[in-house]
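So the structure is just underneath, and the comments pick up after that.
The values are calculated or read from the model by the stated rules, or taken from the named source; none is laboratory data. Worth saying up front: this structure is predicted, and the values here are computed from it rather than measured. Note that we place each Cβ from the backbone using ideal geometry, even for glycine, and neighbour counts take in every protein chain shown.
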């Protein structure tokens with residue numbers, strides 16, 4: 001049984017006609033780009049989606065094309081206005097015309113774009129991310145860290161080949177003051193799809209040796225200005241927030257701060273600005289030290305000066321007191337000496353007076369003594385005279401008597417009276433026994449002497 | 001008192017303490033010289049941290065680089 005039928009081509013032609021007849025020439029459509037490819041001839045092919053706001057489930061999809069001549073214009077317009085590259089993940093407001101091709105089916109031909117919508121949408125997204133970080137209590141964790149006084153051990157997250165990184169190092173190493181810095185690069189991909197994970201991994205690596213560094217620097221320079229999406233990512237921002245070291249950014253873009261910039265401890269525009277900041281910080285430290293040296297020197301000098309003055313003042317005071325004391329002592333002494341001399345004078349005077357009295361007394365006593373002695377002497381003199389006379393007389397008599405006695409006793413006198421003296425060898429012989437027979441003896445007489453020899457010795461005893 | 005084991009922050013806060021004591025006239029002349037000596041030691045330490053190369057840090061970084069390779 002033959003049914004009435006048309007060919008697929010015919011059907012597609014009818015669909016095409018239906019659309020052409022009923023569809024508006026163009027529509028402004030809000031959609032999210034889920035895929036974006038540019039082919040060799042410069043045409044851009046997009047996959048558009050719409051997600052359910054609550055569940056994030058995809059509720060609509062469609063293909064879209066931006067023809068090469070349009071794409072160049074739309075891309076430039078979009079990027080200069082938003083500071084964003086036209087890429088996957090962005091919500092866009094586009095003007096499309098529905099096209100149906102018998103062979104290529106339904107597709108949306110993108111005629112125009114409204115970048116303002118994306119800007120707003122991104123801002124909303126960004127705001128949502130910020131709110132989420134705040135709600136989780138991590139948003140200002142890194143900003144609340146204190147930068148250590150010395151920021152010289154620096155963990156750098158950058159692409160190893162980026163011009164910004166070598167500028168940064170050059171500026172640190174060649175600082176004119178000669179401050180010493182230590183840089184260790186933790187290389188990461190800084191743009192494109194892998195950037196978010198790559199930077200998070202670099203942070204994780206630094207985290208394992210966190211004690212070796214004073215801070216983390218995330219720098220990026222020389223890349224596409226429009227490829228900043230990763231720095232707005234929740235996940236990266238979440239890591240930066242909770243990083244135990246202060247994070248300084250220098251990711252170099254002119255537009256609004258990225259979320260990473262907002263949560264970082266310090267946000268600077270370029271790698272060079274970060275280097276300058278670090279050098280300045282060292283210069284601040286140096287100035288602080290110089291200030292302390294100056295202050296301490298000044299204060300110590302003041303103190304020593306004050307102590308000196310105090311000493312001098314004390315010295316003067318002591319001298320003054322001493323002078324006063326000496327003065328007082330002197331006057332006391334003078335007073336004492338004066339008193340003493342008066343006393344002495346009085347004493348001398350009274351002594352003299354006593355002496356004078358004594359003198360008179362003594363003179364009187366001496367006189368009477370002398371007088372009595374004189375009398376005594378007179379009496380004695382008379383007695384002496386009398387005595388002497390008597391004694392002289394007596395002595396004269398005694399002398400005469402003695403003379404007579406002596407005359408009687410004179411051996412010569414005896415010899416004259418007939419006695420003789422016999423000697424032998426000069427020895428007077430008183431006993432016959434002194435002599436022996438034939439011994440020569442000498443006999444003295446009143447007149448002359450003889451020498452004879454003993455014939456016989458007769459002692460008085462033998463005679464008896 | 002050795003400065004070897006203390007950090008820059010500790011050294012700096014000790015310096016500030018000495019300065020404060022001096023400013024508040026809390027140091028008698030006897031303590032003055034020992035405190036001034038300590039201060040100059042701390043200053044020397046801090047200045048060396050600003051300007052001089054620390055072999056220990058260089059060594060650590062070198063080891064990290066060797067591990068990465």
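Annotations for the structure displayed:
- Matching entry among A:202, A:195, A:283, A:264 (being touching a residue at least 24 places away in the same chain (Cβ under 8 Å), under 26 Å from residue A:85 (Cβ atoms) and within 14 Å of chain B (Cβ to nearest Cβ)): A:202
- Against the conditions (1) at the interface with another protein chain (Cβ under 10 Å from one of its Cβ atoms); (2) exposed (fewer than 11 other Cβ atoms within 10 Å of the Cβ); (3) under 16 Å from the mean Cα position of the chain (by Cα), residue B:47 satisfies every one except (2).
- The residue of segment A:267-277 that is farthest from the other protein chains (Cβ to nearest Cβ), among those that are touching a strand residue (DSSP E or B) at 6+ places or on another chain (Cβ under 7 Å) and in a helix (DSSP H, G or I), is A:273.
- Looking across A:194, A:137, one residue alone is loosely packed, with under 15 Cβ neighbours inside 10 Å and under 48 Å from the mean Cα position of the chain (by Cα). It is A:137.
- Residue check for residue B:38: touching a helix residue (DSSP H, G or I) at 6+ places or on another chain (Cβ under 8 Å), surrounded by 13 or more Cβ atoms within 10 Å (Cβ to Cβ), more than 10 Å from every other protein chain (Cβ to nearest Cβ) and assigned to a helix (DSSP H, G or I): yes
- Count of residues meeting criterion [in contact (Cβ under 8 Å) with a residue 40 or more places away in the chain and not in a loop (DSSP other than H, G, I, E, B)] in segment A:72-84: 3
- Of all the criteria given as (1) in a loop (DSSP other than H, G, I, E, B); (2) modelled with pLDDT of 90 or more, the one not satisfied by residue A:87 is (2).
- Residue B:60 meets each of the listed conditions (1) more than 29 Å from residue A:212 (Cβ to Cβ); (2) at the interface with chain A (Cβ under 10 Å from one of its Cβ atoms); (3) modelled with pLDDT of 85 or more apart from (1).
- Scanning segment A:150-166 for residues that are in contact (Cβ under 8 Å) with a residue 12 or more places away in the chain, more than 40 Å from the chain's Cα centre (by Cα) and more than 13 Å from chain B (Cβ to nearest Cβ) returns A:158, A:159, A:162, A:163, A:164, A:165.
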